[in-house]
Structure formats: C-alpha cells, structure tokens
1. When residue 61 is evaluated against the numbered criteria (1) at pLDDT below 95; (2) within 10 Å of the chain's Cα centre (by Cα), which criterion, by number, is the only one it fails?
2. Residues 50, 46: which one is modelled with pLDDT of 90 or more and touching a strand residue (DSSP E or B) at 6+ places or on another chain (Cβ under 7 Å)?
3. Considering only residues that are touching a residue at least 12 places away in the same chain (Cβ under 8 Å) and part of a loop (DSSP other than H, G, I, E, B), look in region 23-60 and name the one that is surrounded by the fewest Cβ atoms within 10 Å (Cβ to Cβ).
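The values are calculated or read from the model by the stated rules, or taken from the named source; none is laboratory data. The structure displayed is predicted, hence computed values, not measured ones. Positions of Cβ are generated from backbone atoms using ideal geometry, with glycine treated the same way; all protein chains shown enter the neighbour counts.
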C-alpha cells in the first residue's frame, strides 16, 4: 500500500533519537548534533528515519482500526 505522510512535517529538523524539534536546519547544514540527547545526525538520513517512522505509525494505526471495526 501507498502511505502518504505530511509533506510539511519537520522531518529534517526532528531528532530521530529523542524527538526534539529544532527551530531550523539550514540547507547547507548536512551534519547536526541534537542539543538534547547529543545524537549526531546527517540531515537526509535523519529525515528518512523520521519519514519511515511516520509511515509505519500510519500503517499500523490503520491496521488496528480495521481489525477493531
């Protein structure tokens, strides 16, 4: 199935380890460290992890609704 996630979700600036959302991540800022948990991130890899997590949450959330319905 195709799972669509919010295209405006702050996936590049959300820490995939702890969930902290930064104010901004510049386009030229490829590497950043989370000020809360200290996790080091590559911008695009971090965004991909967050997009995957959102998609899985939507998929399994929809499965639970179908089973209980």
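1. Result: residue 61 passes all but (2).
2. Values: 46 fails: touching a strand residue (DSSP E or B) at 6+ places or on another chain (Cβ under 7 Å).
When all the criteria are applied, what remains is 50.
3. Among those residues, the one meeting the criterion is 35.
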